Amino acid sequence: MVEETPWQQALRYANRANPYPFYEELRKEPVARQPDGTYVVSTYREIVALLHDPRVSSDPRKRPGPAAALEEGSAEGSADSAAEPIRAVLTEPNIITCDPPEHDRDRRLMMPHFVGPPHAPHLITDLQPDIRRIVGGLLDDMRGKNRIDAVDDFAYPLPVTVICKVLGVPLEDEPRFHHWVETALDALDFGPEAGSEEIQSRQTGGRQAVQEFGQFAADLLDRYAREPGPGMLSAMVHDDSPEGPMSKGVLTSNALLLIFAGHETTVNLIAHSVLTLLRHPDALEKLRRRPELIVPAVEELLRFESSVQFWHTRSAVEDIDIAGTTIPKGAPIFLAYGSANRDPDRFADPDELDLERRDNQHLGFSQGIHFCFGAPLARLEVQVAVGEFVRRVQNPRLVEDPPPYRHNQIFRGPRHVLVDVDGIRD
């Protein structure tokens with residue numbers, strides 16, 4: 001039996017709750033070629049260098065295919081085969097799966113309708129009262145309960161409600177797209193279990209889910225084309241700037257991205273923030289005593305438990321020499337953000353939670369041209385949610401540690417976080 005690499009071990013579901021010992025081993029070889037031809041980059045300095053390197057493409061269409069990057073073995077379990085459930089359906093790029101100048105144009109078209117300046121400088125900050133109202137209502141609904149689920153009762157409802165409002169997606173459609181998102185994510189597997197019958201069956205379901213989700217987004221855009229409405233999607237359809245509007249296919253692909261990314265990663269961040277603070281009662285108490293620490297605290301929580309553990313669509317368009325290794329042209333590149341954010345060469349005592357950490361330039365939102373589009377909104381949501389949870393929930397205690405985790409390896413997060421509580425303060 002061939003011994004698994006640290007990366008393969010980190011990707012096993014049994015290690016989902018704690019991949020960090022495997023990341024520590026992985027960092028001994030900063031750029032590590034895997035048996036399937038993928039190059040995994042696990043150290044902070046090297047990841048930052050590649051995020052700013054024009055020889056690295058984010059466009060899967062530029063990758064020649066698994067065979068071109070392989071010197072041995074088969075393509076089974078490779079980046080291409082693992083992502084097939086989604087790529088087989090989404091043929092048009094979105095802003096995280098294309099390169100300049102295409103990327104730059106599409107991002108310019110989208111940014112004014114989301115983050116605001118200079119067109120609407122208060123777009124995100126003006127959402128704060130709504131976010132506080134939603135958070136307050138969720139906590140009020142917990143009154144009288146002795147046990148809550150920090151995922152289902154709190155971490156999920158907030159960002160999904162907010163992103164529906166921002167985009168103009170009817171909230172009553174949430175149960176449908178929630179099912180599609182969960183099904184599609186469960187179909188992605190980049191580890192040694194990818195070839196199992198169970199995962200292959202999930203991939204079939206994942207293709208169907210993405211197809212239905214894509215049709216939902218296309219129908220919504222068609223509706224807004226006929227009759228303009230509130231939110232970002234309608235604004236994008238009717239963009240009258242010199243460069244706009246986008247093509248129907250690109251609009252649909254980016255609409256799916258916005259619906260998905262606009263809540264999925266924030267769910268994991270809120271859930272992990274609650275979980276981490278309950279594991280570190282001294283930090284929880286410090287934040288309760290000093291609520292002004294919520295801004296650096298959220299940055300530290302982003303570093304400590306990265307919502308996006310790695311990204312998988314990048315590849316080399318030329319040979320790249322880095323950290324004593326040559327990544328050959330055409331090879332898939334995985335950037336392991338979760339490992340880089342625990343790199344001791346960049347962060348002092350990286351496995352310690354420090355709510356007042358200085359110079360905390362984590363990669364929780366990536367860097368470079370693909371820096372997270374929704375970072376300002378995510379930060380605001382998590383600051384309000386975690387701050388109010390700490391302030392209002394009385395004597396929260398973990399029921400199960402570690403909690404059960406979701407299957408997906410990229411968007412790593414707990415499926416449930418059960419918490420016993422003594423009550424909810426006003």
Given +1 on the Cβ of Lys and Arg, -1 on the Cβ of Asp and Glu, and no further charges, what dipole in debye does the range 343-426 carry about its Cα centre, rounded to the nearest 20? 400 debye
Roughly how many Å² of Val2 are accessible to a 1.4 Å probe, to the nearest 10? 130 Å²
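For every helix of n ≥ 4 consecutive DSSP H residues, a contribution of -39,500 (n - 2.57) applies; sum these over the chain, divide by its total residues, and give [θ] at 222 nm rounded to the nearest 500 deg cm²/dmol.
Working: 18 runs with 187 residues, N = 426.
It lands at -13000 deg cm²/dmol.
Filter the GluC sites (Glu not before Pro) in the range 349-426 to those in DSSP coil with at most 13 other Cβ atoms within 10 Å of their Cβ, and list the result. Let's see the in-between values first.
Details: sites: Glu352, Glu356, Glu381, Glu388, Glu400; in loops: Glu352, Glu356, Glu400.
Loop-located and lightly packed - Glu352, Glu356, Glu400.
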Given R₀ = 51 Å, what would the calculated FRET efficiency be for Asn18 paired with Arg55, taking r from the Cβ atoms and rounding to 0.05? 0.90
What accessible surface, in Å², does a 1.4 Å probe find on Thr204, ignoring ligands, DNA and RNA and rounding to the nearest 10? 80 Å²
Let me check something: with ligands and nucleic acids excluded, how do Cys372, Cys164 order by accessible area (1.4 Å probe), largest to smallest? Cys372, Cys164
Label point distance in nm, Arg391-Gln200, each placed 7 Å from Cα along Cα→Cβ: 5.4 nm
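Whenever you get a sec, compute what percent of the accessible area on the chain sits on carbon and sulfur atoms (1.4 Å probe). Display every interim value, and only then the final one.
Values: 9120 of 17940 Å².
Its accessible area is 51 percent carbon and sulfur atoms.
Just the ratio, please: alpha-carbon radius of gyration of the chain over 2.2 N^0.38 Å, N its number of residues.
Details: Rg = 21.1 Å, N = 426, 2.2 N^0.38 = 22.0 Å.
Rounded to two decimals, the normalised Rg is 0.96.
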Heavy atoms of the protein only, probe of 1.4 Å, neighbouring chains included. What is the accessible area of Glu46 in Å², nearest 10? 20 Å²
Report, in cubic angstrom per residue, the convex hull volume of the C-alpha atoms of the range 149-194. 98 Å³
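Could you give me D for the range 357-419, from Stokes-Einstein at 10 °C and 1.306 mPa s, where the hydrodynamic radius is the Kirkwood radius over C-alpha pairs? Units µm² s⁻¹, please. Don't skip to the end; give the middle numbers.
Working: Rh = 14.6 Å.
Translational diffusion coefficient: 109 µm²/s.
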Please compute the per residue accessible area over the range 189-275 with all protein chains in place, 1.4 Å probe, rounded to a whole number of Å². 39 Å²
Which of the lysines could be linked to Lys329 by a straight reach, that is with a Cα gap under 24 Å, when you skip same-chain ones fewer than 8 residues away? Lys28, Lys62
Going from most exposed to least, what order do Arg63, Arg279 have by accessible area with a 1.4 Å probe? Arg279, Arg63
Asp140-Asp104 pseudo-label distance in nm [points 7 Å out on the Cα-to-Cβ vector]: 4.9 nm
Ordering Asp59, Asp126 by the accessible surface of their heavy atoms, 1.4 Å probe, largest first, yields Asp126, Asp59
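The values are calculated or read from the model by the stated rules, or taken from the named source; none is laboratory data. Just so it is clear, the model here is predicted, and its values are computed rather than measured. As a convention, Cβ positions derive from the backbone with ideal geometry for all residues, glycine included, and neighbour counts pool all protein chains shown. Heads up: the accessible areas ignore ligands, DNA and RNA and are worked out on the full protein's heavy atoms, side chains in. Shrake-Rupley method; radii C 1.70, N 1.55, O 1.52, S 1.80 Å.
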